[in-house]
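Written below as structure tokens is the structure these notes are about.
The values are calculated or read from the model by the stated rules, or taken from the named source; none is laboratory data. In this text the structure is predicted, and so the values were computed from the model without any measurement. Cβ: placed from backbone, ideal geometry, glycine included. Neighbour counts: every protein chain shown. Keep in mind that these areas ignore ligands, DNA and RNA; they rest on the heavy atoms of the full protein, side chains included. Shrake-Rupley method; radii C 1.70, N 1.55, O 1.52, S 1.80 Å.
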Amino acid sequence: MALTEAQKRANYKYKHEKTEQINFRVPKGAKEIIQQLSMQSGESMQRYIIRACYMRARACGADSSIYKGLPWCDGLEDSQDNQDSTGGNIDSV
């Protein structure tokens, strides 16, 4: 079913008011690797990349107030706290 004009306007408004776009280039073959990794983790490429950035910031000791408000980071703090240094889940031990 096609979108109505009102739905198209609402989508356009949301996209321009609530989101930003980041474009970047990677070496040939890297996109396929990221796609495979994201599929293995059951995530979209977008979420996988954002989560990787969050994890890198956290590992580098970045101020959590910078990234804590990101919607994609909901629940990541808790899941990271339950892993030991080898990446295994502490709760399952």
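Observations on the structure shown:
- Near Asn11: Cβ cut-off under 12 Å, other residues only, Lys/Arg at +1 and Asp/Glu at -1. The net charge is +3.
- Here the simple spin-label model places points 7 Å from the Cα toward Cβ, and for Arg56 and Gln40 these points are separated by 1.8 nm.
- Cβ-based net charge around Ser38, under 13 Å, with every Lys or Arg adding one and every Asp or Glu removing one: +1
- The heavy atoms of Glu5 offer some 110 square angstrom of accessible surface to a 1.4 angstrom probe.
- Solvent-accessible surface (1.4 angstrom probe) belonging to Ile22, in square angstrom, nearest 10: 140 Å²
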